[in-house]
Every structure is written in structure tokens, then in C-alpha cells.
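Asker: My questions all concern the structure below.
Values quoted throughout were computed directly from the atomic coordinates according to the rules given, and no laboratory measurement underlies them. Because the structure is a prediction, the values reported are computed rather than measured. Cβ placement follows ideal geometry from the backbone for every residue including glycine, while neighbour counts extend to all protein chains displayed.
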Amino acid sequence: MISVTVQIDREAAEPLRTQIASAYAGAIRDGRLSTGTVLPSVRALSGRLGVSPVTVAAAYRDLCATGLATALPRSGVRVTGVPVTPASERRGFELNRIEPDLRRHPVAECARLIGEVAQDPAAGGYAEYRGERALREAIAAFDRTLGIDVDPASSLLITSGAQQALSLLGRVWPVGTVVAVEDPCYPGARLAFAGAGATLVPLAVGEDGPDAEALKVLAEPGRVAAFYCCPTHANPTGRSWSEAARRRVLAAAQQGGAWLIEDDYLGDLEAPGQALPRLAALTGEYPGARVVRVRTFSKTLLPALRLAGVSAEPALIARLLALKVADDLGCSALLQRALAAFLSEGGYQRHLERVRPGYVAVRQCLSDAVARLAPAITFAGPFGGFCLLGRLAPGIDTTRFLGECARLGVQLTPGADYWADGLTGSDCFRMGFGALTPDEVATVVGLLERAVVQAVTPAAARSLL
């Protein structure tokens, strides 16, 4: 039997049962413990670790609740493996959304935390308007590891997902305020700002951030009040700006006085040694530059939590808070307390470390697989995040291609949705791939090939197929 090393830290805030369950969960997920392996008996493990049998029994119950193991009468606890739905059992691929692979995310563990938090009747009441203090402090502590220093008492607001944060930001300025947005851009951001009455100015973003003309607009004093951007894994391309590009934008905003709205929806999944600094982490080097950072747990943990954090200067947070109170009087106390526990007990960090290799493997598999689609379909690399932009060669009808993909069970998003003029990108499509496994990547690429055959014109077929 493979022995799993369990580091017991009696000084840690994380309960001993959780430390034990997490150690075994990690060993199952990374393959050290294979399906069918019988775990040590409660008595044997409690003796080896020097903890109470009651603690070990509770840890095993928690492990079984995740679906990674099962307890059988007179047979002990056996590993059942990571639950993954085979591609053949899927009804289709909804790749028109950016979402994580929830089969590998700790749904059951979070459900357990929610159940534990619910033992306190106060968790069923109203939350603090600006967000539960425990959650704000836990987020601030995590962000300090990224070089971002945020005062949880005055500079952080909890919102119902990143979309509410963008909606509040759209309303914080007077109607008619000029807000710049990157082009191409996440459509939900454009809707939030335009819906609040802002005058939108699209700024072209290329392979490495805003181009020279866009930087001139940002640097012109008073030209725009704010600039919405996604420097890490932009939507729809998945690209990330270099540090030099981030500094160019900060310098331009410093000169022009525009707020920078940094959409950091996926940055936590970057490995610590490879992650580029957030704009919020670099702001101190550019006196006068102002950054509003929107960070969410929807893509990195669970979309169902609908929890995000907005950090900015206290005066702006106070204005956003007033708008949020008018909207919903605060987010769920129950979910906030559960997320706070997950963060403070180290569960979130362990989760990120556990799932990162799998997402890297999917991106590499995708990069290799789509190469065979050229020249009919080309993709802008390097691949990052959970989405990528595909471009169809001349002679392939985009509408027919997308329709054929839908008929085959693959839902994609028209590329033109991401450009302000609604015309640029009409030969493109965005594909979300975060919820795919490597095996499913191969299936999807095969379906795209079939769709191309049906969408290509006879004149172009000879050169493309």
C-alpha cells in the first residue's frame, strides 16, 4: 500500500480532520492512490498520526462526501477515483461560455463547509452590507501574496459576481461619462457601462495590449474617465499582456487621469512563479494612477457562489457600496462565511495547486489538436486561460459553420459579438475550453473538422480540405 504523508499542524486554523482529508484527496487526484485502493483503518491511521480515532473517522466521512472514496461495511474505505464524465456520455459541448471543469473542482467540499457554517443560525441572516468581515479579511490576506495591499475595512467590497461589480461601476459615474473599453471586449462589460448611460470609446488591443493610438487616448488629460481592460487571459483571445504593456498602460493612465478597471477573473489559476503582476500590484510605482480591481471566484472555484471582490480607494468603494445596498442589501452570509473558511483554512490555495496541472494539460492538448484544422481554421496563440479565438479562412461561411457546429452539439460564440462595430471578427468564433478534458478536446476538434466540410464553398474546398 502506498503511504500518504499527512503533515499534521496542530497550530493551524484548519481542523485536523480537514488536514487529513485534504492530504488523501490530493493523493487520489494526482494519481498516487488508484481506484480500489483500501485506505488505512481508522485505528491504524489514528495511531500513526497521533490523533483521536474520532478525528480520523470524521476525515474519512469528509473524503467520502467529495465522491473520491466510499465506505463499505466490513471493507473499510476504498478509493473510487476522480469522478469524470466520459465524452461519450455528454449530450453536447456548451463552449459558448467560459467555465471551469467542475468535475475537478471541490463542489462537495464547499457543500460540506456550507453545512458546517449553517450550524450557526446567524449565518441564515443578513450579511454585512459591504461583505462579511471574515471574507474581506481572507481575500485581503490572499491578495497580499500577490503583492496587492488592500485594507479590508475600507477598500474592499463583496459583490454578487464580477458582473454586478461592473454594473455598479457603470453607475458610479454620471450619465454620458466617457468610458473606454478594450476592443475586442467581453460583451458583458460593454452592456454594463452602456446600460448605465456611459459613452463608450473602443480602444484597439493587439497581441500585447493597447496599441499606440489607444495609449494616446489614455494619456490625454480628461479624455476618458475610465478604461475597462482584462490584462490576464483577455476575453475572447485568452492572451495576457506582458509586464511592459501593463506598465505602458499605467503610465498613460497616470498622465491622463483615467481610472483603470482591471478585470482579474482568472489570474488566480496562474502558477505563482509564472504569473505576471496585476495592475493593482504595480500602481504604487505610478503616483496618481488609480486602479479598480475586480476579482471573482466564479471561474477559479465555483460559479454557483456568485461572489466577487472589488478593491479601490475608500471613497470609490463608499459610492459603490451605496449603489449595492440599493440593489440587494448584500450577498448571502451563508456563502460568504463558507468561502471565508475555505480561504482561511488553506483550501483555496490547495485547490489551485491541484487543478493547475490539469488545465495546463488541456491547453497543451488543444494547441496540438487544432493544428490539424489549418488552414481552414487558425487560432491566435499562445493559448491561455479558458478561451481562444478561431478565424475561418475565406471561402468558409461563418453562419453556416456555427450552425453546423450547433447541430453536431458544439455551441460556439460568433466573433463579431466582441468588437464594438459588430462587423470586425465576422469571420471568427470564440471557443471556451475550460470545462473540457484532453479526451473531449480530441472529440471537439473532430466535430469542428466535420462542420468545416459542410460550411466550405466548393471553390475553396480544394485548397482548404
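Asker: Could you compute how fast segment 224-325 diffuses translationally, taking Rh as the Kirkwood radius over C-alpha pairs and applying Stokes-Einstein at 10 °C with viscosity 1.306 mPa s? Give it in µm² per second. If you can, show how the numbers build up before the last one.
Answerer: On the way: Rh = 14.4 Å.
The calculation lands on 110 µm²/s.
Asker: Taking 2.2 N^0.38 Å as the expected size of a compact globular protein, what ratio does the Cα radius of gyration of segment 62-176 give against it, to two decimals?
Answerer: Normalised Cα radius of gyration, segment 62-176: 1.51.
Asker: Can I ask one more? Per the helix-only calculation at 222 nm, which mean residue ellipticity applies to the chain, given -39500 (n - 2.57) for every DSSP H run of n ≥ 4 and division by its residues, nearest 500 deg cm²/dmol?
Answerer: Working: 16 runs with 191 residues, N = 465.
That calculation yields -12500 deg cm²/dmol at 222 nm.
Asker: Using θ = phi - 60° and the Karplus relation 6.51 cos²θ - 1.76 cosθ + 1.60, list the HN-Hα couplings for segment 389-405 in order, rounded to whole Hz, with x at every Gly or Pro.
Answerer: My calculation for segment 389-405 gives 10, x, 10, 8, 6, x, x, 10, 6, 4, 4, 5, 4, 5, x, 5, 4 Hz in order.
Asker: Then there is this: Give, in whole angstrom and from largest to smallest, the semi-axes √(5λ) of the equivalent ellipsoid of segment 289-391, with λ running over the eigenvalues of the Cα gyration tensor. List each step's numbers first, then the result.
Answerer: On the way: eigenvalues 253, 78, 31 Å².
The equivalent ellipsoid of segment 289-391 has semi-axes of 36, 20, 12 Å.
Asker: Using label points projected 7 Å from each Cα along Cα→Cβ, tell me how many nm separate ASP327 and GLU243, to one decimal.
Answerer: Once both label points are built, they end up 3.4 nm from each other.
Asker: Note down, for segment 350-464, the three equivalent ellipsoid semi-axes (square root of 5 times each alpha carbon gyration tensor eigenvalue), biggest first, whole angstrom. If you can, show how the numbers build up before the last one.
Answerer: Details: eigenvalues 133, 51, 30 Å².
Square roots of five times the eigenvalues give 26, 16, 12 Å.
Asker: Could you work out the equivalent-ellipsoid semi-axes for segment 1-83, taking the square root of 5 times each eigenvalue of the Cα gyration tensor, largest first, in whole Å? Present the calculation step by step, with values, prior to reporting the outcome.
Answerer: Values: eigenvalues 71, 40, 27 Å².
Equivalent-ellipsoid dimensions as semi-axes: 19, 14, 12 Å.
Asker: Could you tell me the largest-minus-smallest coordinate of the C-alpha atoms of segment 112-344 on each of the three principal axes, in descending order and whole angstroms?
Answerer: Taking the Cα atoms of segment 112-344, the three principal extents are 57, 41, 31 Å.
Asker: Moving to a separate point now. Determine the dipole magnitude for segment 350-464: charges of +1 sit on the beta-carbon of Lys and Arg, -1 on that of Asp and Glu, nothing else is charged, the reference point is the Cα centre, and the result goes in debye to the nearest 20.
Answerer: Details: 11 positive and 10 negative charges, 44 e Å.
Charge dipole of segment 350-464: 220 debye, to the nearest 20.
Asker: Amide H of ALA226: which non-local residues (sequence gap of 5 or more, or other chain) have their own amide H closer than 5 Å, using H built in the peptide plane?
Answerer: Here the answer is ALA180, TRP259, since their amide H atoms fall under 5 Å of that of ALA226.
Asker: Let me spell out the model: positive unit charges on the Cβ of Lys and Arg, negative unit charges on the Cβ of Asp and Glu, origin at the Cα centre of the chain. What dipole size does that give, in debye rounded to 20?
Answerer: Working: 47 positive and 46 negative charges, 211 e Å.
Here the size comes out at about 1020 debye.
Asker: Ok, one more. Taking the Cβ of SER426 as the centre, find all other residues whose Cβ is under 14 Å away and add up their charges (Lys, Arg: +1; Asp, Glu: -1). If you can, show how the numbers build up before the last one.
Answerer: Values: positive: ARG391, ARG400, ARG430; negative: ASP397, ASP417, ASP421, ASP427.
So the environment of SER426 carries a net charge of -1.
Asker: Charges on Cβ only, +1 for Lys and Arg, -1 for Asp and Glu, centred on the Cα centroid of the chain; of LEU329, PRO184, ALA44, which one is farthest towards the dipole's positive end?
Answerer: Positive-most Cα among the choices belongs to ALA44.
Asker: A further question on this structure: If you plug each phi of segment 202-213 into the Karplus form 6.51 cos²θ - 1.76 cosθ + 1.60 with θ = phi - 60°, what whole-Hz ³J(HN,Hα) values come out, in order, with x for Gly and Pro?
Answerer: Coupling constants for segment 202-213: x, 10, 5, 10, x, 5, 9, x, x, 7, 4, 5 Hz.
Asker: I want the local charge near GLY125. Using Cβ-Cβ distances under 15 Å, sum +1 for each Lys or Arg and -1 for each Asp or Glu among the other residues. Walk me through the numbers on the way to the answer.
Answerer: Values: positive: ARG133, ARG337; negative: ASP120, GLU128, GLU132, ASP328.
Counting the neighbours of GLY125, the net charge comes to -2.
Asker: Using only the Cα atoms of the chain, what are the Rg and Dmax in Å?
Answerer: 24.0, 75
Asker: Right, something else. Note the full-extension length gain between SER3 and ARG133 as 0.36 nm times their separation in residues minus their Cα-Cα distance, in nm to one decimal.
Answerer: Values: separation 130, 0.36 × 130 = 46.80 nm, distance 3.97 nm.
This chain segment gains 42.8 nm when fully extended.
Asker: Here's something else I'd like to know. What FRET efficiency would be calculated for the residue pair GLN255, ASP149, taking the C-beta separation as r and a Förster radius of 30 Å, to the nearest 0.05? Intermediate values should be presented prior to the final figure.
Answerer: Values: r = 24 Å, r/R0 = 0.80.
According to the calculation, E is roughly 0.80.
Asker: With r defined as the distance between the Cβ atoms of LEU102 and ALA459 and R0 fixed at 51 Å, what FRET efficiency is calculated, to the nearest 0.05?
Answerer: On the way: r = 44 Å, r/R0 = 0.86.
In this case the efficiency is close to 0.70.
Asker: Moving on to the next point. Got a sec to turn the phi values of segment 242-252 into Karplus ³J(HN,Hα) couplings, 6.51 cos²θ - 1.76 cosθ + 1.60 with θ = phi - 60°, whole Hz, x for Gly and Pro?
Answerer: 6, 4, 4, 5, 5, 5, 4, 5, 4, 5, 5
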